[in-house]
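Presented below is the structure to which this report refers.
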Amino acid sequence: MEALTGFDLTAVQAWVAFVLTLMVFSYIFGDNPLFRLAEHIFVGTAAGYVAVLVYHTVFRPRLLEPLAQDPAGHGYLLVPLLLGLLLLAKGKRSTSWMGNITMAWLFGVGAALAVGGALLGTLASQLRSSWISLNPTDYAGRPLGLINALLLALGTIGVLLYFYYTEPAGKGAGRLLAGIRRGWGRLGRWFMLVTFGALFASAIIARFTLLVDRLHFLLQTIGLLGG
Amino acid sequence: MIYCPNCGTANRDGSKFCNECGQRLTGAEGVRCPMCGALNRSGSVFCTQCGSRLIAVEAPAEAPAAPPAAPAPAGEEAVPEWLAKLREAAQREVSIGEEAPAPEQREEEAPAAGPAEELPKAPVFVIEEGEAEWVPPDWLSELRARSAGAAEEAPAAPSEPLTEAPAAPVFAAEEAVSEVPDWLQRLRAEVTAEEAPAPPPPGPIGTEAAGPAFPTEAAPVFPAGPEEIPDWLKELGPPPSEQEVIPPAAGPVPGLAVEEEELPAWLREAIGFGEAPAEAPAPAAEEELAGEIPEWIMALRPGAQEPTIEAPPEGYEGDSYTEGILAGVQGLLPIELPMAKPPAPEDTGSLLESVPAEDEAVQIFRQVMESRPPARRMPKPSRPRIGRVRLLSALVLIAIMCLPLLTQGQWFTGIARTVPDSVYAAYEAVEEELAPNDAVVVAFDFDPSTAGEMAPLAQVLTEHLMARGARVIAVSTLPAGPQVAQDILDRAAAARGGKSYGVHYVNLGYLPGREAGMRDFLLNPVGAARRDFVRGQPAADLPALQGLQGIQDLKMLVIIGASAQDVRWWMEQAAGLARVPMIAGVSAAAEPYILPYYQGEGRLLQGVVAGVLGAGDYGALSGSLVSTARVESLQWGLLVALIAMLIVAAVSVFTPART
Amino acid sequence: MKRILPTVAAMVVGIIVLIDFFVDVGYINLMGRLFVDWAVILAAFALILGVLNLFLVHFRRIRTRQKGWPYSIILILTLWTVLVLGLLDPAGPQGQSVRWIFQYVQYPLQAAFFALTAVFLLTAIYRAFRLQRGENAWFILAGILVLLGATAVGGWLWDGFASIREWIMNVPALAGARGILIGVALAVTITGLRLLLGVDRPYAE
Amino acid sequence: MESIQSTLTGIWDSAAPAIMGALLLLLVPTLYFFTLRARALLRAGKPLPLRRMPAFERLSRAMDTAAETGRPPHISLGTGAVGDSSTAESLAALHLLAPLSQQAAAYGVHPVVTAADAGLMLAAQDRLRQAFRQRGQEREYRFTDVQLIAPEPTAYAAGAMGLLSRQELSGNVMAGAFGEEYFLMAEVGAWKQPEQVAGAADPGVLPFVHVTSEAPLLGEEMFTAGAYLGKWASHIGSLFAQDWMRVLLILIILAGMFLASWHG
């Protein structure tokens, strides 16, 4: 760092991190100026860092350099360049509409990725995984396995039914079906709550690990851990 | 383009029904809600948008207690002729609000004062398409012509709707239009004699604002002779030129117009030129106005300071009205009621005569306005001492977690933890599947936020891979991931020795576009990454990437992810392309969600290592060290959490439920 | 035109990218990948406006002397520092100065903010367990059992907790998560489909 | 047993794209049909046969508080983006934003809308401006009404945390794609703000949604705002269609289980 600042930063840098960490932790005592300072520094650097990163990983290698080095070979890149410039028109109210086509592009691609991912990624694999045998002969000697399989089926379908939106005008068989659906959905909600509980407890483990790491860092910096 | 009044969807011009919600669009029989301007199906009782009552407002026409000069509208028809005419006029005239009387006139027209916005809109008209021509009386046209430039802006400034007053103008309008009474003629004479009022700053928006959303602004010609105004009204009454006081939403002060045009809109907004003057009026205009405007009206402006209202008593924290005219009034006046329910006809028609019942209401209102805030409080959402609980528990937790770190004590380390299957499986997969120089992609999908947990995990996995002689190719789908990855890679390389960057391991940096980026990368790693992260070299030149065409050349995919979603995406993208062995290192938080991918039929993962505890287990197998003090500290912290959970659960079982 | 063109663009681009998922036809795959690639570039253009918005919001705060405006000065200063250092340095994020800022400013801050949630979790326990009753017993029970199964204390009390934890994760929790995932996938599909059919036009004004 | 399972897996792996594609194509007419039905229901003014959703009632309460006190609500659109696979969740957030901003514009309240992605910010700006324009108050709208707090999730959460601790709001509404950072802001919101309505789709975030919001929008419920708040025919129709597809998927699950069980 000498080149940049003219003095050795290594002595200071750990303390910079130390002080900033303490400033964030001061939120334990409620909102205060130190925390606000840390928050604003954080937002500023993070925004700047992302912008720098995007410039160096997207703009430069994917758009500017190919266009600068070999304009003829990368003529197709003029399309995103043009669309991108149109998007900048959104900064002004009167020209804002010109950016709509670019927004449409983003939304179209995004929606397609979401639909494709949901169908082929999530839905296909989750449906496939839910096809478990309920045949007792498959669980010979492990009665618990059969119960587990039954619970899995009950729970998965139950959660799906819990979210059912339509409330039909009940008569006769329809009413009976709706009753079953509601009861099963209730059961599904319980499964969901168990899921939440498990995830919550696991999150406690994960987040406490992060706290340990920071405490370790703080104690190390003030020399209580012997460097 | 027609915007649906119900859902806001833009429809083709000429559409009859809304594309989106089926709301009828073409003109016709609808009822404009007086409160929000929404068009409702005719015959609706309540507004679909804001729930205001629509029907009763039409009713008063039947029983007006008119001042002597104004004849009661004749006939049984619900809508008197003059009203129909007025309606048509309202439709034809875009900004018929101009007909509002000149400010001088309004000096007498007390009830109009406060709710400047609500008044003109209060009458609800059934909008019909009609042919009949209506020629406005000449006094009206005169007024209109004169104020054409000036009053173009509809009085759209927001203000707190507050009193019973809104119903008044229904009758006002009716009287004024049906036949100009004597008193009005007198007034008119006065007005014409005087100079035109100083026009409020002109704004281009005015015409926009007075679009079809305000078809009923024709109303406010307020009949009220000075002699008939009770004292209380005079007190409440508006001073002159209230129109200027509450400037329309339009903004630019003439002097600034030039500069404004030179600046792009966004900049103007930022610097504040184009802002609604209500919020930041140009100084000159403000001063000019301030002279003639009494304080209380200034106070009505949005954002104005509220000098007259006493501050709530010390320590009061409840929700109360802290802004607007009702500041300091707590929970007494249901604000919505006066505007949602028009007063019963017999109360409202008698603006000009002081009816005892009305006096009473006025007295109450006055008392409310003058009295100190009552002691009653709005209930606050229950937050039972959670602040102190938070502080205390946080300090206890931190103290207890620091202890093992400081003392290096090993209370829990002696207790054997059962090493999960999934960790063994992961270790064995690396041992068995990998030969020296096999290409392995390691996804570092975590950033500093979760590095405290993920770094030790990534460290043991990377070290093991390097020990097996694999070529480690690192990527990250998080912007800040590559930086964290680089430190871990360098440390792992140093720990194993003899590994050089570019040959044995390489960092390809950030992959934008989430799973689309992952897919791209797996299909064509060199092409998708383009450059390496450390030196910015073209990826194709790196020795570590030689012969790597796509996922088929990978021997293993190691996903180290803090969020279950990222891990899932990698798995799904990779599994969709080829069968490549995968192991996952995940945060403990994601474990419940990822573990199933290791179990069961058609499993995608060869092994799962979760959290620091899993890293410890893995490290014990592969010969990397994970700090025991940290694990110890974590165990103590978890003990605190467990105890907290048990206590709270027990307490909640033995105490009655809160709501 | 103002309306039709964007709608057509969204539909055509989206449907091609979507078809790319389902078929294996050379030029469709090529177009699909190209369109996605361009979307990344376009999102980068959007970021220019985003950073501008961030700047303007805080500039306004300073100009109008809103409460806490000095903090906005700090924010703008740090933002510009990182931007200038990072854009001028050809090494970008790997440049010495940016790397230093990342290492000693952003990293500790980001880590500290996340570590703070550990403390928040304790109060969340308080709220979740106390203020909600009834069915919530399932939540509490599962939470306690999973925690017992993961910690040394649990193992010390009874070594069966570990297998109970594993069972919870592999059976009821899995069933719940799967149900949620399938439901969300369905909702996502319909939401995306409405856009691809031109029914929802969030890009039009 | 092994063989049946692996046969099934083999068939499924090769047939899944076709089956999923068919499902998608089937969805198009279903959606159309139910949209027409929903439109007819709306036109007839009949009550919609949808179950109660307390979260949306809470939302209206927060908006009423906004009208009474002049305090704005905070609407967080999540840390998702437009242009990648989180777009669907971002869309859900925008569908929630549209009716809320219309209501806010009617009350003359400027909601504080925040996002962590520039594209989403731009889309939200269009929504908000449109809402103000429909009230004839386009001038009221400002470029800075929708803020990009930070283009990075944790920094966004940190900024939102500050906003929620300091600003007096009528409520905190959070919907969209959230990740691990959700809890950071949600806990502060639950602590400091009078009303908190939150929704997320990622199961990893849902436990936190559950503990920080008394009226959560869990998983797919987050996508229903257009139907419940906006009363848009296509969105109501979507819910009907979704229920039918749900039944179809349950049948697929049951059929698959039957196939897996049936051997010998």
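The values are calculated or read from the model by the stated rules, or taken from the named source; none is laboratory data. None of the values given here were measured: they were computed from a predicted structure. Here the Cβ is made from the backbone with ideal geometry for all residues, glycine too, and neighbour counts use every protein chain on show. The accessibility values were calculated without ligands, DNA or RNA, using every heavy atom of the protein model including side chains. Shrake-Rupley method; radii C 1.70, N 1.55, O 1.52, S 1.80 Å.
Per the listing D:Ala198, D:Ala260, D:Ala190, the residue uniquely touching a residue at least 12 places away in the same chain (Cβ under 8 Å), over 19 Å from C:Val199 (Cα atoms), under 14 Å from the mean Cα position of the chain (by Cα) and not in a loop (DSSP other than H, G, I, E, B) is D:Ala198.
With the requirement that a residue be open to solvent by 40 Å² or more (accessible area, probe 1.4 Å) and more than 24 Å from the chain's Cα centre (by Cα), what does the stretch C:48-70 give you? Hits for the stretch C:48-70 are C:Phe59, C:Arg61, C:Arg63, C:Thr64, C:Arg65, C:Gln66, C:Lys67, C:Trp69, C:Pro70.
Among the candidates B:Val612, B:Val608, B:Val567, which residue alone is open to solvent by less than 20 Å² (accessible area, probe 1.4 Å) and closer than 23 Å to D:Asp13 by Cα? Break it down stepwise before answering.
On the way: B:Val612 fails: closer than 23 Å to D:Asp13 by Cα; B:Val608 fails: closer than 23 Å to D:Asp13 by Cα.
That would be B:Val567, the only listed residue that is open to solvent by less than 20 Å² (accessible area, probe 1.4 Å) and closer than 23 Å to D:Asp13 by Cα.
Of these, D:Ala62, D:Ala105, which one is out of contact with any strand residue (DSSP E or B) (no Cβ under 8 Å at 6 or more places or on another chain), within 26 Å of D:Gln130 (Cα to Cα), in a helix (DSSP H, G or I) and open to solvent by less than 20 Å² (accessible area, probe 1.4 Å)? Reasoning before the result, please.
Numbers: D:Ala62 fails: out of contact with any strand residue (DSSP E or B) (no Cβ under 8 Å at 6 or more places or on another chain).
Every option except D:Ala105 fails the conditions.
Taken over the stretch A:104-132, the criterion of being among the aliphatic types (A, V, I, L, M), more than 21 Å from A:Leu151 (Cα to Cα) and crowded, with 24+ Cβ neighbours inside 10 Å is satisfied by A:Ala104, A:Leu106, A:Val109, A:Ala111, A:Ala112, A:Leu113, A:Ala114, A:Val115, A:Ala118, A:Leu119.
State all residues of the stretch B:465-502 that are open to solvent by 10 Å² or more (accessible area, probe 1.4 Å) and part of a helix (DSSP H, G or I); if no residue qualifies, say none.
Of all residues in the stretch B:465-502, those open to solvent by 10 Å² or more (accessible area, probe 1.4 Å) come to B:467-469, B:471, B:477-479, B:487, B:490-491, B:494-501.
The answer is B:Ala467, B:Asp487, B:Asp490, B:Arg491, B:Ala494, B:Ala495, B:Arg496.
Among the residues of the stretch A:128-159, those identified as over 18 Å from C:Gly183 (Cβ atoms) and charged (D, E, K, R) are A:Asp138, A:Arg142.
Inspect the stretch A:66-79 for any residue being modelled with pLDDT of 90 or more, closer than 24 Å to C:Asp89 by Cβ and within 8 Å of another protein chain (Cβ to nearest Cβ) and give the result as yes or no. No, because not a single residue in the stretch A:66-79 is modelled with pLDDT of 90 or more, closer than 24 Å to C:Asp89 by Cβ and within 8 Å of another protein chain (Cβ to nearest Cβ).
In the stretch B:527-563, how many residues are in a helix (DSSP H, G or I) and touching a Ser or Thr at 6+ places or on another chain (Cβ under 8 Å)? Steps first, answer last, please.
Filtering the stretch B:527-563 for residues in a helix (DSSP H, G or I) gives B:527-529, B:539-541, B:543-545, B:551-553.
Next, only the ones that are touching a Ser or Thr at 6+ places or on another chain (Cβ under 8 Å) stay: none.
Within the stretch B:527-563, residues that are in a helix (DSSP H, G or I) and touching a Ser or Thr at 6+ places or on another chain (Cβ under 8 Å) number 0.
In the stretch B:531-554, is there at least one residue being closer than 24 Å to D:Ala201 by Cβ and either in the same structural domain as B:Leu604 (by TED's automatic domain parsing) or out of contact with any strand residue (DSSP E or B) (no Cβ under 6 Å at 6 or more places or on another chain) (or both)?
Quick first cut of the stretch B:531-554, residues closer than 24 Å to D:Ala201 by Cβ only: none.
Looking for residues that are closer than 24 Å to D:Ala201 by Cβ and either in the same structural domain as B:Leu604 (by TED's automatic domain parsing) or out of contact with any strand residue (DSSP E or B) (no Cβ under 6 Å at 6 or more places or on another chain) (or both), one finds none in the stretch B:531-554, hence no.
Residue check: is D:Glu89 among the charged types (D, E, K, R), within 22 Å of D:Glu68 (Cα to Cα) and buried (at least 24 other Cβ atoms within 10 Å of the Cβ)? No; evaluated as a whole, the condition is false for this residue. Could you list, in sequence order, all residues of the stretch C:30-46 that are at the interface with another protein chain (Cβ under 7 Å from one of its Cβ atoms) and touching a Phe, Trp or Tyr at 6+ places or on another chain (Cβ under 9 Å)? Within the stretch C:30-46, C:Phe35, C:Trp38, C:Ala39, C:Ile41, C:Leu42, C:Ala44, C:Phe45 meet the criteria.
Restricting the stretch A:26-38 to residues that are free of Cβ contacts under 8 Å to residues at least 12 places away in the same chain and facing chain C (nearest Cβ under 8 Å), which is farthest from A:Leu210 (Cα to Cα)? Filtering first and then ranking leaves A:Arg36.
Within the stretch B:483-508, which residues are more than 14 Å from chain D (Cβ to nearest Cβ) and in contact with a strand residue (DSSP E or B) (Cβ under 7 Å, 6 or more places away or on another chain)? So that I can check it myself, show each step before the final result.
From the stretch B:483-508, those more than 14 Å from chain D (Cβ to nearest Cβ) are B:485-508; that's our starting set.
B:Ala485, B:Gln486, B:Leu489, B:Ala493, B:Lys499, B:His504, B:Tyr505, B:Val506, B:Asn507, B:Leu508 - these are the residues of the stretch B:483-508 that are more than 14 Å from chain D (Cβ to nearest Cβ) and in contact with a strand residue (DSSP E or B) (Cβ under 7 Å, 6 or more places away or on another chain).
The set of residues from the stretch A:130-150 being more than 10 Å from chain D (Cβ to nearest Cβ) and not hydrophobic (A, V, I, L, M, F, W, C) comprises A:Gly141, A:Arg142, A:Pro143, A:Gly145, A:Asn148.
Can you name the residue in the stretch C:147-194 that is within 7 Å of chain A (Cβ to nearest Cβ) and more than 16 Å from A:Met192 (Cα to Cα) and, of all such residues, is surrounded by the most Cβ atoms within 10 Å (Cβ to Cβ)? Don't jump to the end; show me each part of the working.
To start, the set of residues in the stretch C:147-194 that are within 7 Å of chain A (Cβ to nearest Cβ) comprises C:147, C:150, C:168-169, C:171-183, C:185, C:188-189, C:192-193.
Next cut, more than 16 Å from A:Met192 (Cα to Cα) only: C:147, C:150, C:185, C:188-189, C:192-193.
Values: C:Leu147: 26, C:Ala150: 27, C:Ala185: 27, C:Val188: 28, C:Thr189: 26, C:Gly192: 30, C:Leu193: 24.
Among residues in the stretch C:147-194 that are within 7 Å of chain A (Cβ to nearest Cβ) and more than 16 Å from A:Met192 (Cα to Cα), the one surrounded by the most Cβ atoms within 10 Å (Cβ to Cβ) is C:Gly192.
Taken over the stretch C:176-205, the residue count meeting the criterion of being touching a strand residue (DSSP E or B) at 6+ places or on another chain (Cβ under 8 Å), in contact (Cβ under 8 Å) with a residue 60 or more places away in the chain and over 21 Å from A:Leu83 (Cβ atoms) is 0.
When A:Gly170, A:Gly158, A:Gly174 are screened for being modelled with pLDDT of 95 or more, open to solvent by less than 50 Å² (accessible area, probe 1.4 Å) and not basic (Lys, Arg), only A:Gly158 passes.
Being open to solvent by 10 Å² or more (accessible area, probe 1.4 Å) and either touching a residue at least 40 places away in the same chain (Cβ under 8 Å) or touching a Cys at 6+ places or on another chain (Cβ under 9 Å) (or both) is the filter; apply it to the stretch B:451-463 and report the residue that is nearest to the other protein chains (Cβ to nearest Cβ). Spell out the reasoning first.
Here is the first cut: in the stretch B:451-463, the ones open to solvent by 10 Å² or more (accessible area, probe 1.4 Å) are B:455-456, B:459, B:463.
Next, only the ones that are either touching a residue at least 40 places away in the same chain (Cβ under 8 Å) or touching a Cys at 6+ places or on another chain (Cβ under 9 Å) (or both) stay: B:456, B:459, B:463.
Details: B:Pro456: 9, B:Gln459: 13, B:Glu463: 19 Å.
Here the residue is B:Pro456.
In the stretch D:133-187, how many are β-branched (Val, Ile, Thr) and either open to solvent by 10 Å² or more (accessible area, probe 1.4 Å) or without any contact (Cβ under 8 Å) to a residue 24 or more places away in the chain (or both)? Before the answer, list the steps.
The initial filter retains those residues of the stretch D:133-187 that are β-branched (Val, Ile, Thr), namely D:144, D:146, D:149, D:154, D:173.
If we keep only those that are either open to solvent by 10 Å² or more (accessible area, probe 1.4 Å) or without any contact (Cβ under 8 Å) to a residue 24 or more places away in the chain (or both) as well, we get D:144, D:149.
Of the residues in that region, 2 qualify.
Counting only helices (runs of 4 or more DSSP H) that fall entirely inside the stretch C:54-151 and contain at least 1 residues that are closer than 30 Å to B:Ala649 by Cα and of a type in the set (Ser, Thr, Tyr), the qualifying elements are C:107-131. When residues in the stretch B:503-522 are screened for being buried (at least 18 other Cβ atoms within 10 Å of the Cβ) and farther than 25 Å from C:Trp100 by Cβ, 11 of them pass.
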